[in-house]
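Undergrad: Below you will find the structure I want to go over with you.
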Amino acid sequence: MDAKTDHLVRKLRLRHLELLVALADVSTMRGAAARLHLSQPAISKMLGEVEECFGARLFERGHQGIHANALGHGAIYRARAVLHELARATEDVDAMRGGATAVLRVGAPSVTATVPAAIARLRERLPGTAVHVREGRVQELFQRLLDGELDCVFGAITPQLQSGDLLPRVRPEVVLDDALCVLAAQANGLCARRRLRWAELRGAAWVVPPRETLVRQAFMTAFLNDGVTPPEPVVEAMSSVTVGAVLRLDATLLCAVRREQAVDEIARGGVRQLAVEPAIALPSFGLFTRSERVEQPAVLQAFVQAVREVGARAARGAQMAPRRARQKL
């Protein structure tokens, strides 16, 4: 620890970190005072102490309130992470007092075959591990990761992520490639076809996710590349429960999904994947952790290894699937 950091540790209090976050959220001294149950003069004094600790002005004051400058944004980001880490430490201690040996917090999309398989593999190796899975949109999960609420995030490496400012702040590891898959109930006559083209399926009744999703965009691209106008779906749904249910109840439907969801649905039984050409790639999936120069806890290292192993197995399965389908036919 250098002299400047040592000075910061000795002078800075957790209340100072709470003040940084409060000012970032409410943008007024009065609002921060109300949130922290202090007087405005006390808030002003505390802010002076914080800026003295950092040796720099962190906020700009004006008639429109108080706003963080570039230095302040950096301090606020770290303050949020420290407070979330403390909250997690409290939760971890409570969980371990209840019998857990380790706690892992994972962010993931609502439909994934990789994460459940990796959790099962992790608990085989570390049986006392408690795993908390938070589901949601990738951008929201990344923010939770950076704020210290999550240990890792499993999600697609999208073009938006690659071109944004989040990627330098996380450590990505490509786990498995992804592709657009077409599913049908086993009773659907198309399951007997060895090969299909997208143009042949334009008149089918489709179940697809909303327009803003990558799967829907890839679905539309597949038909356009094959020289036909993309069909309008008869069912538009995001929920894997809804998609799986309607697909099994109505054998006339076809469904466009990610390979992750296809693996999950096929494992449940009653549906088959159609061989549709040409193949349409989707952004690869990765496991993301914070790009901090600290040693990862053992439970996180074990989970990363479990995801690698599951991803490698899925890749081998994807390579063998077309061969198995040809053999059945």
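The values are calculated or read from the model by the stated rules, or taken from the named source; none is laboratory data. All values reported here derive from a predicted model rather than from experimental measurement. Here the Cβ is made from the backbone with ideal geometry for all residues, glycine too, and neighbour counts use every protein chain on show. Side chains included, ligands, DNA and RNA excluded: accessible areas come from the protein's heavy atoms. Shrake-Rupley method; radii C 1.70, N 1.55, O 1.52, S 1.80 Å.
Undergrad: Which of the following values of Rg and Dmax of the Cα atoms in Å was calculated from the structure shown: [x] 25.0, 80; [y] 19.7, 64; [z] 20.2, 56?
TA: Recomputing Rg and Dmax of the Cα atoms in Å here gives the entry labelled [x].
Undergrad: Taking all protein chains in place and a 1.4 Å probe, what share, in percent, of the accessible surface of the chain do carbon and sulfur account for?
TA: 53
Undergrad: Shifting gears a bit: Relative to the first principal axis of the alpha-carbon coordinates of the chain, what is the inclination of helix 70-97, with its axis defined by its Cα atoms, in degrees from 0 to 90 and to the nearest 10?
TA: 70
Undergrad: Is the stretch 120-265 rounded, prolate or oblate when judged by the Cα gyration tensor, a ≥ b ≥ c being the square roots of its eigenvalues, rounded requiring a/c under 1.5 and prolate requiring a/b larger than b/c?
TA: prolate
Undergrad: Considering only Leu196, Leu122, Trp206, whose Cα is most displaced toward the positive end of the charge dipole of the chain, charges sitting on Cβ of Lys, Arg (+1) and Asp, Glu (-1)?
TA: With unit charges placed on the Cβ atoms, the residue in question is Leu196.
Undergrad: A further question follows. With axes computed from alpha carbons, what is the tilt in degrees of helix 259-268 against the longest principal axis of the chain, rounded to the nearest 10 within 0 to 90?
TA: Between the helix axis and the principal axis of the chain, the angle is about 60 degrees.
Undergrad: Within the stretch 157-197, name every residue whose backbone N is under 17 Å away from a label modeled 7 Å from Cα of Glu212 along the Cβ vector.
TA: 158-161
Undergrad: What is the calculated FRET efficiency for Gln301 to Arg137, with r their C-beta to C-beta distance and R₀ = 35 Å, to the nearest 0.05?
TA: 0.85
Undergrad: Out of all Cα-Cα pairs in the stretch 79-164, roughly what percent, to the nearest whole number, are more than 14 Å apart?
TA: 67
Undergrad: Taking the stretch 1-72, how much of its Cα-Cα pair set, in percent, is spaced more than 21 angstrom apart?
TA: That tail contains 22 percent of the Cα-Cα pairs.
Undergrad: May I pose another question? One quarter of the convex hull surface, Cα atoms only: what value does that give for the stretch 18-129 in nm²?
TA: With every direction weighted equally, the projected area is 10.5 nm².
Undergrad: I would also like to ask the following. Taking a ≥ b ≥ c as the square roots of the Cα gyration tensor eigenvalues, with a/c under 1.5 meaning rounded and otherwise prolate when a/b beats b/c, else oblate, which class fits the stretch 24-66?
TA: Here the stretch 24-66 falls in the oblate category.
Undergrad: Along each principal axis of its Cα atoms, how long is the stretch 132-183 end to end? Whole angstroms, biggest number first, please.
TA: Sorted largest first, the three principal extents are 37, 28, 17 Å.
Undergrad: Same structure again: Using only the Cα atoms of the stretch 185-287, build the gyration tensor, take square roots of its eigenvalues as a ≥ b ≥ c, and label the shape rounded, prolate or oblate: rounded if a/c is under 1.5, else prolate if a/b is larger than b/c, else oblate.
TA: It comes out rounded by the Cα gyration axes.
Undergrad: Just how many % of Cα pairs in the stretch 68-124 lie over 18 Å apart, if you round to the nearest whole percent?
TA: More than 18 Å apart: 58 percent of the Cα pairs in the stretch 68-124.
Undergrad: When the Cα centres of the stretch 76-147 and the stretch 215-251 are compared, how far apart do they sit, in Å?
TA: Centre-to-centre (Cα) distance: 33 Å.
Undergrad: To the nearest 10 degrees, how steeply does helix 298-328 sit against the main Cα axis of the chain, on a 0 to 90 scale?
TA: Orientation of helix 298-328: about 10 degrees from the principal axis.
Undergrad: Going toward the positive end of the dipole of the stretch 210-315, with +1 on Lys and Arg Cβ and -1 on Asp and Glu Cβ, which of Gln301, Leu253, Gly286 do you reach last?
TA: The one lying farthest along the dipole's positive direction is Gln301.
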